[in-house]
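Data first, discussion second: the structure below is written as structure tokens.
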Amino acid sequence: MAMHVSGACFSVFSGSRVGNIRAVASEGFATVKTAEDKVKLGGSDLKVTKLGVGAWSWGDTSYWNNFQWDDRKMKAAKAAFDTSLDNGITFFDTAEVYGSRASFGAINSETLLGRFIKERKQRDPEVEVTVATKFAALPWRLGRQSVLAALKDSLFRLGLSSVELYQLAGIWGNEGFIDGLGDAVEQGLVKAVGVSNYSEKRLRNAYEKLKKRGIPLASNQVNYSLIYRKPEENGVKAACDELGITLIAYCPIAQGALTGKYTPQNPPTGPRGRIYTAEYLRNLQPLLNRIKELGENYSKTSTQVGLNWLLAQDNVVPIPGAKNAEQAAEFAGALGWRLTDEEVNELRSMASEIKPVVSFPLENL
């Protein structure tokens, strides 16, 4: 969920009637899930599944998909959407800047998500989908009205009259943006509001400003994974816990680096190859080997172990990006079990010995 800037990824920015849903997934990945297995998002009344799905790659040609988008990739994204729902995962995160409107056949991620929701509801009118999207706090946007105008554009692309979560994302901001979030709640356009990539100071300021209007700040969406633990080091995680703000973790499996798929001999292609280099992957191997061992003990994959490590931090909702049905089904297998405290601490200790990837210093703004 994000925009690429000289390093790791960063984000630029109800009660359910559904009962038990049986997973349709590859053997060994998913188990029976229940859509009632939800958590409250911060101090809001909004409940979301303990794990969501990020739609940054849907329609994208600037970072993902080998800079191309075609009908095959669209069908794969739709399969990821449907498989997530089949496994009881109903929380989807997108943004107005994800995807593209007119390059190499790409399409806006919000447009795709809205299309997938519409098609699913035609088959299953009772299905519930929780949608989170984001306002891009671009430097030429000013004041509270820009937030409302952007939100209404997002709603149009999504084909919805409201969304569950609207987030203020980006490194630029002004007081009017926070006012706009509050206005969106009061006008019934959103159920809850959050921010993304906010430092501890900015987070506290936004929390207090909304609190004066009686509106809780539900979430802060930041880059967080076993090998990128800045939120633990810069006060963001502690502030979220103190104030009752849910930390939504994007890049929770480090853009695939924690899955075990990549090796020094087989690094990722495209922009990720400049982040997770052969040298970095060599240093990562001991940790990846231990993750694999733990996964085998639990009959889980490395991906599921990496996600479960985040879930074990409490007050964290990971949103891995699913590009196809297999990935979506695998993510669901991170739920319903838990690493021991000893295993959680062991993995953190091993990860601490690895120099973190270089990231745009959003946390210091």
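Remarks
- Hits in the stretch 238-253 - residues which are open to solvent by 10 Å² or more (accessible area, probe 1.4 Å) and within 16 Å of Ala218 (Cβ to Cβ): Asp241, Glu242, Leu243, Gly244
- The number of residues in the stretch 200-238 being among the small types (Gly, Ala, Ser), within 23 Å of Ala184 (Cβ to Cβ) and more than 16 Å from the chain's Cα centre (by Cα) comes to 2.
- Selection of the stretch 109-146 for residues being within 16 Å of Gly159 (Cα to Cα) and assigned to a strand (DSSP E or B) yields Thr130, Val131, Ala132, Thr133, Lys134.
- Asn283 meets the stated requirement of being modelled with pLDDT of 85 or more and either out of contact with any Leu (no Cβ under 6 Å at 6 or more places or on another chain) or open to solvent by 70 Å² or more (accessible area, probe 1.4 Å) (or both).
- Every residue from the stretch 297-351 that is open to solvent by 10 Å² or more (accessible area, probe 1.4 Å), over 19 Å from Lys50 (Cβ atoms) and in contact with a Lys or Arg (Cβ under 8 Å, 6 or more places away or on another chain): Ser302, Lys323, Glu346, Arg348, Met350
- Any hit, the stretch 257-277, residues being in contact with a Cys (Cβ under 7 Å, 6 or more places away or on another chain) and surrounded by 22 or more Cβ atoms within 10 Å (Cβ to Cβ): no
- Odd one out for Gln313 among (1) in a helix (DSSP H, G or I); (2) modelled with pLDDT of 95 or more: (1)
- Candidates Gln167, Gln187 - the one that is modelled with pLDDT of 95 or more and under 21 Å from Asn223 (Cβ atoms): Gln167
- Residues that are among the hydroxyl-bearing types (Ser, Thr, Tyr) and modelled with pLDDT of 90 or more within the stretch 77-120 comprise Thr83, Ser84, Thr90, Thr94, Thr111, listed in sequence order.
- Among the numbered conditions (1) in contact with a Gly (Cβ under 6 Å, 6 or more places away or on another chain); (2) open to solvent by 20 Å² or more (accessible area, probe 1.4 Å); (3) under 16 Å from Glu96 (Cα atoms), the only one that Pro139 does not meet is (1).
- Qualifying residue in the stretch 66-73 (condition: at pLDDT below 95, open to solvent by less than 20 Å² (accessible area, probe 1.4 Å), in a helix (DSSP H, G or I) and among the polar types (S, T, N, Q)): no
- Going through (1) open to solvent by 50 Å² or more (accessible area, probe 1.4 Å); (2) part of a loop (DSSP other than H, G, I, E, B) one by one, Asn289 falls short only on (2).
The values are calculated or read from the model by the stated rules, or taken from the named source; none is laboratory data. Bear in mind the structure is a predicted one, so any value in this text is a computation, not a measurement. Virtual Cβ from ideal backbone geometry, glycine too; neighbours counted across all protein chains shown. With ligands, DNA and RNA removed, areas are computed over all heavy atoms of the protein, side chains included. Shrake-Rupley method; radii C 1.70, N 1.55, O 1.52, S 1.80 Å.
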